[in-house]
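Working notes, structure below.
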Amino acid sequence: MNETILIIDFGSQVTQLIARRVREAGVYSEIVPFQKAEEGLERLKPKGVILSGGPASVTDPDSPRAPERLFDMGLPVLGICYGQQTMVVQLGGSVEGSDHQEFGRAFLDVVDDCLLFEGVWAKGDREQVWMSHGDRVIELPPGFRVVGRSEGAPMAAIADDERRFYGLQFHPEVVHTPQGARLIANFAHHVCGCSDSWTMAAFRETRIREIREQVGDGRVICGLSGGVDSSVVAVLLHEAIGDRLTCVFVDTGLMRLNEAEEVVSLFRDHYNIPLIHRDASDLFLGALEGVTDPEAKRKIIGRLFIDVFEEEARQVGDARFLAQGTLYPDVIESVSFTGGPSVTIKSHHNVGGLPERMKLKLVEPLRELFKDEVRALGRELGLPEAFVGRHPFPGPGLAIRIPGEVTRAKADILRKADAIFLEEIRLAGLYDSIWQAFAVLLPVKTVGVMGDARTYDHVCALRAVTSVDGMTADSYPFDHAFLSRVATRIINEVRGINRVVYDVTSKPPGTIEWE
């Protein structure tokens, strides 16, 4: 990973998209908050830097800045929106607030050629872009020239080819700028000189080497949940260190239907990975009795999981490392770059934590990957598609899909309804088109008539969303016939449910789970 593009984040909601566009071009990228930009420059030694957008106004004297030395390092720099504005101010230009704000679709007139545009846009072109700004550049720093204008931003694209500095007032990372991905790829390849050699095969070999270097001759414990992330971690580690890996699978009683059997069969029987399987369902369900607050449930499950995991881990004896399936969105959202509420929002992704008493060092080989990249790595490792393509499942399991008190009876009802929903999605050939689908047992009961009898039973809600990386989501547009078929099956086959509804809400950046 010697060829890296560093992205300095100033708080934009779409910074992750910049990283994705760079990686889609075959170049490795990482995001660091502006407060840690110096550390990122030292650690990664990037071949180029992108400054993201952000909510601050550069006219505020307390607004964030890029490291001053960045512009003397000889590195190519691309500033986007706020990133353009702070670069301009730091290099001697001027920015002002404008009465002519631009939010949404706009058109850029390309008034000159530059290295960034080469092969994508040419002088005289008129291109659709996506704007989101109130401030605008009014005076260029020495060495810059205007290469693009819009109605509200006369200096919407600027260039200094000699120093390879570029600034864009619009957002090339979003799909609403149709040629934006090509511009970012151009920056990575044409301006920074990076090759397109970052592949999953290369990542696999690099990670295996790094795991061996980190672990040495030590033993590793891996918390295996059966989800995509922990499954990929387990197989990657097993390839790197063999039987010095032991997986611990804790069955909380809150898993999907037949999931425990599938996990044990794949990892113990197929891969022959040392596996400890602990059925702790009575313990977890007993502790949740009478608890209705969602955060309280998460904390109970997290605490018990750590207790059970630690108890089983003692069987390994001399283990010095703990492997986790932490992903890049978890890392990004767990570090509140701009003081936001992301740690609270993401609490269900990290229900436990690592107690100091365990004295284990973390191994997190996936922490630079997005979910779809983890799936690609899983396929590279030869994991069965049933595991690689499995929809995400939250750490607390069905507990956050049962608002209100969690009981064994409710969990059994929900497991059956959820299995029917997923089975029908697979039969319709829709499973791979959906990011996550699941059933929820609502904390209400309704009166209904089934046959000649009156019933008073639970309401089941169904949710299915589309997403690329789990950061945002839209509801999946099932047709009425499909939903009618699923509802009929659930009501007929699951005793305890007499009504089914479908949730059509979408989610902004953050969690796409129910609670």
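Please treat every number below as a calculation from the coordinates, not as lab data. Note that the structure is predicted; figures quoted are calculated from it, not measured. Methodologically, a virtual Cβ is constructed for each residue, glycine included, from the backbone with ideal geometry; neighbour enumeration extends over all protein chains shown.
Annotations
- Pairwise Lys count, the chain - Cα closer than 17 Å, eight or more residues apart or different chains: 7
- Highest mean packing comes first when the peptides 418-430, 397-409 are listed by Cβ atoms within 10 Å, giving 397-409, 418-430.
- Extension gain for residue 94-residue 126 works out to 8.9 nm (0.36 nm per residue, less the C-alpha to C-alpha distance).
- 222 nm mean residue ellipticity, helices alone, for the chain (DSSP H n ≥ 4; -39,500 (n - 2.57); rounded to 500): -9000 deg cm²/dmol
- Spherically averaged projected area of the stretch 136-284 from its Cα convex hull (nm²): 15.3
- Sorted peptide list for 48-60, 138-150, criterion being average Cβ within 10 angstrom, highest first: 48-60, 138-150
- Sorted peptide list for 311-322, 234-245, 213-224, criterion being average Cβ within 10 angstrom, highest first: 234-245, 213-224, 311-322
- Stretch gain in nm, segment residue 482-residue 361, where the contour uses 0.36 nm per residue and the Cα spacing is subtracted: 38.7 nm
- Acute angle (nearest 10 degrees) that the helix 371-380 long axis makes with the longest principal axis of the chain, alpha-carbon atoms: 70
- The Rg/Rh ratio for the stretch 1-86 is 0.94, where Rg is the radius of gyration of the alpha carbons and Rh is the Kirkwood radius.
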